[in-house]
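Worksheet: the structure to be examined is printed underneath.
The values are calculated or read from the model by the stated rules, or taken from the named source; none is laboratory data. All of these numbers come straight from a predicted model, not from anything done at the bench. Because the Cβ atoms are built from the backbone with ideal geometry, glycine has one as well, and the counts that use them run over all protein chains shown. Just so you know, the surface numbers come from the protein's heavy atoms only, side chains and all, with ligands and any DNA or RNA stripped out. Shrake-Rupley method; radii C 1.70, N 1.55, O 1.52, S 1.80 Å.
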Amino acid sequence: MNDVPAGLDLDALDAYLQTSAPDLFSGPLRARLISGGRSNLTYEVTDGDRQLVLRRPPLGHVLATAHDMAREYRVISALAGTAVPVPRSHLLCEDDSVLGAPFYLMDLVVGTPYRTAEELEPLGAERTRVISERMVDTLAALHAVDPATVGLEDFGRPQGFLERQVRRWTTQLENSHSRDLDGADELHRLLVDNLPGDGEVGIVHGDYRLDNVLVDDDDKVVAVLDWEMATLGDPLTDVALLLVYQRLARENTEFPVSTVSRAPGFLGDDELLARYEAAGGRDLSDMAFHLALAYYKLAVILEGIYFRFRQGKTVGDGFEELGRGVEPLLHAGIHALTSRKS
């Protein structure tokens, strides 16, 4: 932890904390980058005795609303004391002059963010099943929280949430246009024609999956992370996206964000829905629209990455394969709505 990672000026941080939170650390600071990339940057910061986590937006990012530190800080602070495990928050700094961007500090929680089936397989099928069950139970617990009781009644605009989601991802796709995509117009039309009314309102995580939670050695979920897309809206969007992620892993598509659902013992689709419904009491009898929207969202995200690759703005390998994965996602979304099956 000797080299200072990019995006973190330890001298500036230390000077700020000496004034704003002098009790957090008691000695010279060291840091290491835990995760980085297109998402928010996450660092472990320590004085040798205490370890905290610092979160800030990606370097050079200009769309602050997509990486809103105050939003993340507010939701994890609000959920403290609920049945949803979150790291304890300590400090929010919205002064860009300190590190060049807003940031916040929270506790370092020890746990594993399982991302692949290979990471789960050594645990065995029984433990893997328990972990996947607890992942679902935690999501149901989140959706059971009354936003008003934790001070999040104004955290989003739940009225018209699904309509705005369709509009948002359509606009994103238009902004990434570089080729004609078979199925894009049809899926958009089907989403507009089948738009449900406003349903139950809850806190939506926005990208809930096993590698966005930490699991301890006793197979308990000890923290839910990565709240940058959280809002108030239709909680079934979280369930649908989780279901689509695990379908993509099993189908060996070009876009398996996580492959945990391939591990023996991991809950199947019907088991996942039944577990969530039993824990949260929400009606999952018709998930067609929400599944189609989840496929549409992932297709748009993939096309945006491919678009940046074609413009020469993305470094790395495998982006041609990502590009080939867009149309299958669009067709899966069409199938979800035309078959009306989950």
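Have a look at Leu284, Leu210, Leu243 and tell me which one the Gaussian network model of the chain (Cα, springs below 10 Å) gives the largest fluctuation.
Result for the chain, Cα springs under 10 Å: Leu284 fluctuates most.
Calculate the dipole size of the stretch 108-255 relative to its Cα centre from +1 charges on Lys and Arg beta carbons and -1 charges on Asp and Glu beta carbons; express the result in debye to the nearest 20.
So the magnitude is around 140 debye.
What's the magnitude of the charge dipole for the stretch 10-107 around its Cα centre, counting Lys and Arg as +1 and Asp and Glu as -1 at the beta-carbon? Answer in Debye, nearest 20.
In total the dipole reaches around 360 debye.
Picking from Pro102, Pro147, Pro28, which is most flexible by a Gaussian network model of the chain using Cα springs under 10 Å?
Looking only at Pro102, Pro147, Pro28, the largest GNM fluctuation is found for Pro28.
Could you run the Karplus curve 6.51 cos²θ - 1.76 cosθ + 1.60 with θ = phi - 60° over the stretch 237-243 and give me ³J(HN,Hα) per residue in whole Hz, x for Gly and Pro?
After applying 6.51 cos²θ - 1.76 cosθ + 1.60, I find 5, 5, 5, 5, 5, 4, 5 Hz.
Dipole magnitude of the chain about its Cα centre, charges +1 at Lys/Arg Cβ and -1 at Asp/Glu Cβ only, in debye to the nearest 20? List each step's numbers first, then the result.
Values: 33 positive and 55 negative charges, 91 e Å.
With only Lys, Arg, Asp and Glu charged at Cβ, the dipole is about 440 debye.
Quick one: compute the contact order of the stretch 10-107, relative version, from alpha carbon pairs under 8 angstrom and 6+ residues apart, as a percent. Could the numbers behind the result be given before it?
Working: 155 pairs, mean separation 22.0, N = 98.
Averaging sequence separation for qualifying contacts and normalising by length gives 22 percent for the stretch 10-107.
Which order do Asp95, Asp14 take when ranked by solvent-accessible area (1.4 Å probe, heavy atoms of all protein chains), largest first? Don't jump to the answer; show the numbers that get you there.
On the way: Asp95 75, Asp14 50 Å².
The ordering from most to least exposed comes out as Asp95, Asp14.
May I ask which residue of Gly280, Gly197, Val166 lies farthest towards the positive end of the charge dipole of the stretch 117-339, with charges of +1 (Lys, Arg) and -1 (Asp, Glu) on Cβ and the Cα centre as origin?
Val166
Out of the total accessible area of the chain (probe 1.4 Å, heavy atoms of protein only), what percent is carbon and sulfur? Walk me through the numbers on the way to the answer.
On the way: 7370 of 15700 Å².
Accessible surface attributable to carbon and sulfur in the chain totals 47 percent.
Where only protein heavy atoms count, and the probe is 1.4 Å, what is the accessible area per residue for the stretch 10-107 in Å²?
47 Å²
Normalising by the residue count of the stretch 117-339, find the relative contact order in percent from Cα pairs under 8 Å and 6+ residues apart. Each step should come with its number before you reach the end.
Numbers: 315 pairs, mean separation 63.2, N = 223.
Reported relative contact order: 28 percent.
Could you pull out every residue, at least 5 positions away or on a different chain, whose amide H is within less than 5 Å of the one on Leu41? Hs are placed 1.01 Å off N in the peptide plane, and Pro or chain starts have none.
Close amide H contacts, sequence-distant or interchain: Arg56.
Can you work out the accessible area per residue across the stretch 117-339, with the rest of the protein chains kept in place, probe 1.4 Å, in square angstrom?
That works out to 43 Å² for each residue.
Please check: in the Gaussian network model of the chain (C-alpha springs, under 10 Å), which one of Tyr16, Tyr245, Tyr104 has the largest mean-square fluctuation.
Tyr16
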